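Report on one structure; see the data block that follows.
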Amino acid sequence: MMPAAIIDTHCHLDVSEFDADRDAVMARALLAGVSDIVVPAIRRASWNALLDFCASRSCLHPALGLHPVYLVEHRDEDIPALDAALAARRPVAVGEIGLDYYLRDLDRKRQRALCGAQLDLAVRHDLPVILHVRKAHDDMLAMLRERSVTGGIVHAFNGSEQHGLKYAELGFALGFGGMLTFERSRKLRNLAAALPLNALVLETDAPDMTPAAHRGRRNSPEYLPECLAALAEVRGMPVEEVARATSDNAIAALNLQRATKPSPGGEGAAGNAR
Ligand SMILES: [Zn+2]
């Protein structure tokens, strides 16, 4: 039986950890049933290479943004540059952007300013967003409510069930990945079991957040089936059903044009890639 087609909604496949074997990693991921991979940006300097890399394969989908953890690298002029890049290159989302209050050295006021400016650009360009949020869900929800952001994905979601439901109400999907494979992640596993299935998407966050079976090593999109299996297990549902639902949710959250079209000539086969 073919493995279920699943979507890695968050994979930093452009970073140097994959320089030596990027093509081999992608080939193994496709064999493992990963049909599509979303590649979010970290810093302005990497945007062009990321866009060119994603343009080389229809299974790759770029997002452009300024990652909150790398706050000190970002400059005010990166915002108008992002505005121009979104117009010229039409990535699938603005990301990875967000708020990280877990890292105490990051200036929160500047984080909010940077995130707010990027949320405004997402609204202006009518694009979803890919959010990185740690210990900052109340502030993020407030910032989203101040704007008519069209939704997107809260990646590596680890808030409360209440936070999750509020994001879902605003049209967001919640990303779960390798941490689910650890038995000790009890709170996260309970959360993934309790939230509505139609709000969940899969992600690896490779090269970080390696699943239990490969701990201590580089994470890879080829391990996404292990995240799927863990999610199906905690929900007590068939793997196929969770695969289908999370892929549908990812497509809806980011308006993805999938690499693997349903049937040639069939209803779903239209769609010029934008
Ligand atoms: Zn990331």
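The values are calculated or read from the model by the stated rules, or taken from the named source; none is laboratory data. In this text, all values refer to a predicted model and were calculated from it rather than measured experimentally. Cβ placement follows ideal geometry from the backbone for every residue including glycine, while neighbour counts extend to all protein chains displayed. The protein model used for the area step is the full one, side chains on, heavy atoms only, and it has no ligands, DNA or RNA in it. Shrake-Rupley method; radii C 1.70, N 1.55, O 1.52, S 1.80 Å.
Table for the structure above
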item: Close pairs from the stretch 140-168: first of a type in the set (S, T, N, Q), partner within 16 Å of the ligand (Cβ to nearest atom) and open to solvent by 40 Å² or more (accessible area, probe 1.4 Å), Cβ under 9 Å, at least 6 apart; result: N158/R134; N158/M179
item: Any chance H137 is away from the ligand (no atom under 16 Å from the Cβ), open to solvent by 20 Å² or more (accessible area, probe 1.4 Å) and modelled with pLDDT of 95 or more; result: no
item: Flag if D126 is under 26 Å from V72 (Cα atoms) and either open to solvent by 10 Å² or more (accessible area, probe 1.4 Å) or within 15 Å of the ligand (Cβ to nearest atom) (or both); result: no
item: Subset tally (residues that are open to solvent by less than 10 Å² (accessible area, probe 1.4 Å) and part of a loop (DSSP other than H, G, I, E, B)) for the stretch 168-217; result: 5
item: Test: residue in the stretch 13-21 that is assigned to a loop (DSSP other than H, G, I, E, B), of a type in the set (S, T, N, Q) and open to solvent by 10 Å² or more (accessible area, probe 1.4 Å); result: no
item: The stretch 180-191 residues that are over 19 Å from P225 (Cα atoms), paired with ones that are aliphatic (A, V, I, L, M) (beta carbon under 8 Å, 6 or more apart); result: N190/V234
item: Those residues of the stretch 179-218 which are more than 16 Å from the ligand (Cβ to nearest atom) and of a type in the set (D, E), in sequence order; result: E183
